[in-house]
Amino acid sequence: MIYSPIVTTTTTPVATTTTTVATSTTTQPSRTTTTTTAAPVTTTAPVTTTAPATTTTQAPAPSGSGSWWHPPTGALPWQWEIDHPLNVNSATDMGTNDTLPDGSAAPAPVVYDIDGILNTAATVSALHAEATTPSAISRLVPPATTTPRDEGTATTYYAQYQAAGVLGDKLSGYPEYFLNINSPATVSITEAMINQQCAAKGFDAVETDLDETYAGGDGTTGFTLTEADEVTYMTTLANYMHRDGLAWIIKNPDDTGDNYAATMEPLADGVLTEQCNQYGTCAALSSYFGHKAIFNAEYNIPTSQFCATTTRWASMGRTSRRVERVAQSCQ
């Protein structure tokens, strides 16, 4: 379970997508049995990295009049489990047997961030039936990358992307391939995935992974992509999610070193960031502070370096991750 501070909330998952979504309250995926914690701004003092100045990229405006879930702000217990299908009968999977650094029992999660394809509508329904009425966030690998996997569809999404000729370079360390986000085929296939794997299953939101690959931090994509291309692509998908009644959680927009995080803030309903304290990038999320959830996960720095500053953001949750890492929790 991850415990994150909230100015409004944060956290991040495995790099299996090239697209990410932001949301309120913070937290990060860790290993299934480890405890993680979301942290706020920097380590001991406010992050020295200032939010990038706004450039010429135009901020998107939400379209459509549909209604969707908005992650609450304040301390929010949540669970990030993307390693395998969630077992609602397992205390470990559900994050109900976790403890805080001081040894006290951690509060039960009220938000679950789980894989949208691995989990069924029945699992989502079971989560919604819990006494704490938890919300369920669907984590999807695409926007920027895709991987060969069985989604229970007649033709896999990977096969559809492959047939459309939109696959690029392989993502280092993962069985995933970057997508040409400028192709209409990528947009239509990804929208079908969002509808079939998230909306139709009853999820409340979508967390997109690797939705900032234009910056090159995830390696070469095989395409020439710009920030404007990413803004156009994610604006299209975010508006589609909203029309489908889903919130959008952006992931790691603070990694780009420019104004991307601030540009997408009007559309994003929350943020999931990993290690913004360790890398001094929390300030890039300042446009979300106080009114949108930020889920943050810290893996390598001691809680003494960031917990004192997380009281403004704080939320809590337990997560698991495909990559073995240990995240930490604040009290």
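What is the spin-label model distance, in nm, from A154 to A105 if the labels are put 7 Å beyond Cα along the C-beta direction?
So the label points at A154 and A105 sit 5.0 nm apart.
Put a dot 7 Å past each Cα toward the Cβ at R243 and Q196; how far apart are the dots in nm?
My value for the distance between the label points is 1.9 nm.
Give the long-range amide H neighbours of S135: residues separated by 5 or more places, or on another chain, with amide H under 5 Å away, using H modelled in the peptide plane at 1.01 Å from N.
Here V111, Y112 satisfy the definition.
Just subtract the alpha-carbon distance of H291 and D169 from 0.36 nm times their residue separation and send over the number in nm, one decimal.
Roughly 40.2 nm would be gained on extension.
Relative contact order, percent, of region 61-122 when contacts are C-alpha pairs under 8 Å separated by at least 6 residues?
Relative contact order for region 61-122 comes out at 38 percent.
Which net charge results for the neighbourhood of F295, defined as the other residues with beta-carbon distances under 10 angstrom from its beta-carbon, given Lys and Arg at +1 and Asp and Glu at -1?
-2
Sorted from largest to smallest, which semi-axis lengths in Å does the alpha carbon gyration tensor of region 133-256 give for its equivalent ellipsoid, taking the root of 5 times each eigenvalue?
Whole-Å semi-axes of the equivalent ellipsoid: 21, 17, 13.
Which order do peptides 121-130, 291-300 fall in by mean Cβ count within 10 Å, highest first?
Per-residue mean Cβ counts within 10 Å order the peptides as 291-300, 121-130.
In nanometres, what is the gap between the two model label sites at S67 and N300, each 7 Å from Cα along Cα-to-Cβ?
Each label point lies 7 Å from its Cα, and together they span 4.5 nm.
Just so you know, all these numbers are worked out from the coordinates, no wet-lab data involved. Given the structure is predicted, the values throughout are model-derived calculations rather than measurements. In this analysis, Cβ positions are derived from the backbone assuming ideal geometry, glycine residues included, and neighbour counts consider all displayed protein chains.
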